[in-house]
Amino acid sequence: MQVEDIKRLFLKHKESSLSHRYITHKHIEPLLEKRTDILHVETIGQSVLNNPIYGLKIGNGKKRILMWSQMHGNESTTTKALFDLFNTFLDTHSELNYILEACTLYIIPILNPDGALAYTRINANGVDLNRDAQKLTQPESHVLRHIFETFKPHFCYNLHGQRTIFSAGTTNNSATVSFLAPAQDAACTITPNRKVAMELIGVMNDTLQRMIPNQLGVYDDAFNLNCVGDTFQSENVPTILFEAGHFKNDYEREKTRELIYTSYLTSLNYISTNEVNGSHYNTYFNIPENNKCFLDVIIRNAKVTHELVDIGIQFQERLHDNKIEFIPKVERIEKLDGFFGHKEIEANGFEVRDAHGRVLKLGYENVCVILNSEKITLLPK
């Protein structure tokens, strides 16, 4: 499958009713209602606050793939891309029936509906579901575990979103998409099913490098059996962590959405047309490990209380009137050699003050600062 073909499919099938970062049941339920005659949609459980958790099945092939998104409620990019994928499969002109003939997909589009509604990582009990794989203390964790045991997947896709702080290695390249083939033991042994996951990641990386060269990373594979991916991997099911990250000025994660969609189609095409046995896993190790080298904004060489320093600013994501707002917050006032800003401002030794003309301090929140008597916006264009 060529990159140009995938781009064409994405543009044709992008779900226009889903956009930006705040995606809840209110947004996806009308889409599910329209498709119950084609997609098999069912309620598979309830959240802490008794919101339904939906499961969708599509395809009738022997290769079973389990995908779940918004385990962390504020990580919605992979959910948007799932509905773009559904639109693609439901269009008979897409010529992708061979994937559905080879594969059966079971998809949980929003595992944590309470967290999605509140735009939080955690569920309504304050629990990170991705640390609840062993104790299974939460209803949402039981739902995922039940589907895992009854569907008996051959592959698992654990779909997440990552912060803007991550770089591909220690470079000035944002980790726009990241992956991980999680460890399944404390020694991080390269087991046969990890090799399968690594092979698939290598295939996706090859395609994405043509679109975003040097902007992919992998996570540290330190073992934590409380994490869902590590648990499923430890039960010998090849599992892949997907992380939707930051593309330049793409705070709505619409470009990243296309890249995640590309990852879905690339990997599903590969699974459907190959017997994936892990023999081509070595390309996985060509992908650099993520590092935390980015801030959203860096003001370089600024005078603060008579010192020349750099000012590091990170956007805080806040839910307001059912929309996500980005609030710049000063996180660092120090020399930031080795860090990069998604936006960089050169102060040239001039004093930087807050919007009220006061000395800038850690924790300051505002969309602008005053530099050399001029008001400077901190938000992206």
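Below, the figures for the structure above:
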read-out: Check on Thr79, among the hydroxyl-bearing types (Ser, Thr, Tyr), part of a helix (DSSP H, G or I) and assigned by TED's automatic domain parsing to the domain that holds Arg257; value: yes
read-out: Residue within the range 59-66 that is more than 15 Å from Thr120 (Cα to Cα) and out of contact with any helix residue (DSSP H, G or I) (no Cβ under 9 Å at 6 or more places or on another chain) present; value: no
read-out: Matching residues, the range 247-260, being touching a strand residue (DSSP E or B) at 6+ places or on another chain (Cβ under 7 Å) and either assigned by TED's automatic domain parsing to the domain that holds Phe315 or surrounded by 24 or more Cβ atoms within 10 Å (Cβ to Cβ) (or both); value: Arg253, Thr256, Leu259, Ile260
read-out: Which listed residue is in contact with a His (Cβ under 8 Å, 6 or more places away or on another chain) and either under 16 Å from Asp296 (Cα atoms) or modelled with pLDDT under 95 (or both), from His342, His356; value: His342
read-out: Which numbered condition Ser19 misses (of (1) among the polar types (S, T, N, Q); (2) in contact (Cβ under 8 Å) with a residue 60 or more places away in the chain; (3) touching a Pro at 6+ places or on another chain (Cβ under 8 Å)); value: (3)
read-out: Residues of the range 104-115 satisfying the condition of being in a helix (DSSP H, G or I) and either touching a Ser or Thr at 6+ places or on another chain (Cβ under 7 Å) or surrounded by fewer than 20 Cβ atoms within 10 Å (Cβ to Cβ) (or both); value: Pro113, Asp114
read-out: Total residues in the range 88-103, condition among the β-branched types (Val, Ile, Thr) and either outside the structural domain of His13 (by TED's automatic domain parsing) or buried (at least 20 other Cβ atoms within 10 Å of the Cβ) (or both); value: 2
read-out: Every pair of residues 6+ apart whose Cβ atoms lie under 8 Å, when the first sits in the range 46-67 and is outside the structural domain of Asn269 (by TED's automatic domain parsing) while the second is buried (at least 20 other Cβ atoms within 10 Å of the Cβ) and not in a strand (DSSP E or B); value: none
read-out: Any chance Thr176 is surrounded by 21 or more Cβ atoms within 10 Å (Cβ to Cβ), β-branched (Val, Ile, Thr) and farther than 21 Å from Gly55 by Cα; value: yes
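The values are calculated or read from the model by the stated rules, or taken from the named source; none is laboratory data. These numbers come from a predicted model, not from an experiment. Backbone-built Cβ (ideal geometry, glycine too); neighbour counts: all protein chains shown.
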